[in-house]
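Beneath this line is the structure, given in structure tokens, with notes to follow.
None of the figures in this text is laboratory data; all of them are computed from the coordinates on show. Nothing here was measured: the structure is a model prediction, and the numbers come from that model.
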Amino acid sequence: MSEPLKLTMGDTWTWTRPGGDYPASAGWALVYFFSKPGGTVKQVTTTAAGGDFQASVTATDTADTAKWTPGLYTWTARVAKGAESYTVATGKMRIVDNPLTAVATQTHAEKCLPIIEAALERCLLQGDVVEYEIEGVKFKKNKTELLTLRNAYRQEIRMERGQLGMRLIPVSLR
């Protein structure tokens, strides 16, 4: 088994990375580094399993929200032996809430988007300029400004969810 694509907080995480050109049996050590925007870099050390490397994080550690938070992480696997050090793999991994303790939480963008969309609907009834309130702050915007805000918040939500990527555009060849 190689690195998983998704891990759940509160579970024990284990996976094995093949040693390849840098086997544990030859004295190489492997460490994973995890990072996400706005977060600190976290390290997961591995143990030798023959020539391979075994990563393991206890359920107690994965449940600790001071150490791990849900989101899309970028990981880097680095081997080291003496003065030598090499990056052997990189990837992305999604960490999801512990289903036993998860509380429905919304990000700022998830809270604002429905309010902006409701303000856009009011534009249809009240004219081009509309007033609305988000978390106690009053705003006065025109339809163009609201459309710009709506698109920005939609983009932010897609980024938070790791859903940005290539869009397929249908093409007809005649």
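Assorted remarks:
- Relative contact order of the range 6-96, pairs being alpha-carbon contacts under 8 Å that are 6 or more residues apart, as %: 36
- Computed [θ] at 222 nm, deg cm²/dmol, the chain (DSSP H ≥ 4; -39,500 (n - 2.57); rounded to nearest 500): -8000 deg cm²/dmol
- Highest-MSF residue in the chain out of 126, 163, 155 [GNM, Cα springs under 10 Å]: 126
- For Cα extents along the principal axes in Å, computed directly from the structure shown, the correct entry in [x] 93, 49, 28; [y] 43, 36, 35; [z] 73, 54, 30 is [z].
- Taking a straight Cα-Cα cut-off under 16 Å and skipping sequence neighbours fewer than 8 places away in the same chain, the aspartates and glutamates within cross-link reach of residue 6 are 97, 160.
- Anchor residue 143: lysines whose Cα lies under 28 Å away (excluding residues fewer than 8 positions away in-chain): 111
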